[in-house]
């Protein structure tokens, strides 16, 4: 029995929305990173589901791209986070309010 | 395509230069390489060529926009010579800049969503690092962090959109997607296809910083080192808007007029919010950030009045905008270096002490405001004639009113420069030459708009 594609769409939409809500409402920078990863992985799941549903390998190759790029992005992001921690001794994003106008 | 190889090659060379102790050659090689890439663009001009099974296409659109990116990059290197002067991370910075330019060219020449995604990421990841390159400065760190958060958030939306479009059409290829839309009636396409298009638009709206997805732009522009701000407001803007045009006017626009309505909503918000907020700014860098958000509104107006054939007007507008923007940031860079920050009071007395700097800044701001005979005027003129010709009277009226508001805030620094002030600023000979050349370029493009329209 095949699981209908709609189920995958709903599942990844829910995962993606959890990620979006986390980015918007959490204050801890590391949790926000994790939420961004959740968004990207929701996309990965959806891509793989579509790819197998459509019998087309392009989607799965795209998932590899997303994984590799997400790894690079997080490496840079964590480096920036460490830099911020050294300057402010905090990873709460509420302190990021010096630039205002 | 060769231009892209050259740019990537210089990036790799810059990385290796650190190892093989070739640091003093990096600057010369970068400038020669940029010129070589430009020559390749010109020599490939005639042909439309596809590479890698049609994933990358160099057509007129891609070449014209990449050529603009390369020319602006050349001026950018000139204006930011001292950004590479410090002993620390010189080669890394220049490597990152070249990878960012390579990403920009990929964003302008993609024919496949995968290349779009890779281009955006190569550009953005390099810029996250560059925005934070002033490590001890808290503002720079904060700018890098905000840029990173907003950038990767936007990437998530873009990717979800791409995934949904892929699910509906079964392909990542732009041309196949538009063929698919044209061969199927809209009612037969699944509903999530529309949501996919919408999410792609949101993701790219973050990148071009259209209101209401612009909140990161002023903070990041203000906090980053000024050369990087100049890079973001010229090269990144050209690349992001080029990508926006390519994906929407080549394929997704066929699908649903609702996408265009949403785009028009973004445009109206961008025009009004950005131009009104800019009035209240006291820091010139931040004001220019809002102005660069506001300029996106005019580009979107051109796109919404004729989504298929507006790239000529948009290209001219971008040329005018980029030239004026790089000139104004060169001046801000000089002033900021001399006085510590770019507050509007630091511009007092410049006309008297440094007439060339004053004239350069005046010309840049007048061009951004759209005063004839400068380039910005003809950019706005082309956009407005296009939108009136297509019957978008109400929107054009809004755009004209907001550009009048623009004149008000662009005049604030000019008035400050005429007021009495104290010490003069030292400007090196090469900076003077750069300012002169950019002033001439702004005037030339404005007085002879046919130069660009021939393209």
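For chain B, the Stokes-Einstein estimate of translational diffusion at 37 °C and a viscosity of 0.692 mPa s comes to 149 µm²/s, using the Kirkwood hydrodynamic radius over alpha-carbon pairs. The calculated FRET efficiency for the pair residue B:261 and residue A:11, based on their C-beta separation and a Förster distance of 30 Å, comes to about 0.50.
For the segment B:144-155, counting C-beta atoms of other chains within 10 Å of every residue's C-beta and taking the mean gives 6. Figure legend: label point modelled 7 angstrom from the Cα of residue B:437 along Cα→Cβ; residues of the stretch B:330-350 with amide N under 20 Å from it are B:330-335. Centre-to-centre separation between the Cα atoms of the stretch B:310-372 and those of the stretch B:69-111: 21 Å.
For the segment B:126-137, counting C-beta atoms of other chains within 10 Å of every residue's C-beta and taking the mean gives 2. Peptide B:189-200 is shielded by partner chain Cβ atoms: per residue, an average of 1 of them sit within 10 Å of its Cβ. Annotation: peptides B:128-135, B:292-299, ranked by per-residue average of other Cβ atoms within 10 Å with the highest first, follow the order B:292-299, B:128-135. At an R0 of 45 angstrom, the distance between the Cβ atoms of residue B:408 and residue A:95 translates into a FRET efficiency of 0.85. Put the Cα centre of the stretch B:411-440 next to the Cα centre of the stretch B:132-185 and the gap is 39 Å.
The order of the peptides B:114-123, B:39-48 by mean Cβ neighbours within 10 Å, most packed first, is B:114-123, B:39-48.
Since every read-out is calculated from the coordinates, none of them should be taken as a lab result. Note that the coordinates shown come from a computational prediction; the quantities given were computed from them, not determined experimentally. Heads up, the Cβs are rebuilt from the backbone with ideal geometry, glycines too, and the neighbour counts pull from every protein chain shown.
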